[in-house]
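Report on one structure; see the data block that follows.
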Amino acid sequence: MTSISSNTPTAVVLLGGNTADVGSLGVLPANAVVVAADSGVELARQLGLDVHAVVGDMDSISPTALAALDALGTEIVRHPIDKNESDAELALRYAIARGAQRVVLVGGGGGRLDHQLALFAVMFIHELRGVHVEARLAGSRAYAVHDGATVDIECTKGDVIGLLPFGGDAHGVTTSGLQWALSDESLIVTASRGISNRAIATHVTIAVTKGRLIVTVDSAEESEVRP
């Protein structure tokens, strides 16, 4: 099971793109290493966070802002503009390389669809096995569940929970704390069975034997009713 505590080495990775409603992001972990993916430094300003490192091709941050961060002692990790990875992936890999066992990705949601989908993909990179990975995108949250793993999620009773197979079918899915419980069942990637579940406890547990899941959490107040 992926477990976290106040002593777990933690990184907060700030994403570029749309400006977030910072009030919807919740309380971020204290004593975390803060890594900005390029223009994610703007989100750091809104959140009142000190940035330890800026990672990316620096095409979305002004030279003046970059020079100011450099003067403050912020590590600048510059990559070529013509590269194979997104700035978000590079920032995530930076956090992993520095020993993070919990990573909270923070962004405003929206923006380019390819970037949004790619973010879910990189939550499953091999180096993240055993790492608690959470994305906070505006008012929504998402968690990666690797094959053979169990994830425990804190939530509010009534929250809408989605269980979405990623990259293929997911088998041996078992849950606790959900209104529509699953016990060693399969979720098919071409079906929508896993959406619109509900939390009936403040802790929800999801286990997968084979395959991968993206688990989404939305507050009941902001979600549509179950179809």
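What follows is calculated from the coordinates using simple rules that are stated; it is not laboratory data. Predicted, not measured: the structure shown is a model, and the values here were computed from it. Cβ sites come from the backbone with ideal geometry, for glycine too, and all protein chains shown count toward neighbours.
Values computed for the structure shown
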{"item": "Candidates Asp114, Asp159, Asp21: whichever shows maximal mean-square fluctuation once the chain is modelled as a Gaussian network with Cα springs under 10 Å", "result": "Asp114"}
{"item": "Along each principal axis, Cα extent of the range 100-227, largest first, Å", "result": "32, 30, 29"}
{"item": "Inter-label distance for His203 and Asn84, nm, one decimal - labels placed 7 Å from Cα along Cα-to-Cβ", "result": "4.1"}
{"item": "Net charge dipole size for the chain [Lys, Arg +1 and Asp, Glu -1 on Cβ; Debye, nearest 20]", "result": "420"}
{"item": "Whole-angstrom Cα spans of the range 1-138 along principal axes, big to small", "result": "44, 29, 29"}
{"item": "HN-Hα J in Hz across the range 64-71 - Karplus 6.51, -1.76, 1.60, θ = phi - 60°, x for Gly and Pro", "result": "5, 5, 5, 5, 5, 5, 4, 5"}
{"item": "Simple label model, 7 Å out from Cα along Cβ direction - Lys210 to Ile195, nm", "result": "2.7"}
{"item": "Potential extension, Glu154-Arg98 segment - 0.36 nm per residue separation minus Cα distance", "result": "17.6 nm"}
{"item": "Label-point separation, Gln46 to Glu127 (7 Å along Cα→Cβ), nm", "result": "2.7"}
{"item": "Helix-only mean residue ellipticity at 222 nm for the chain, each DSSP H run of n ≥ 4 adding -39500 (n - 2.57), per residue, nearest 500", "result": "-4500 deg cm²/dmol"}
{"item": "P(r) of the range 23-80 over all Cα-Cα pairs, binned every 5 Å from zero, in whole percent", "result": "4, 19, 31, 25, 10, 9, 1"}
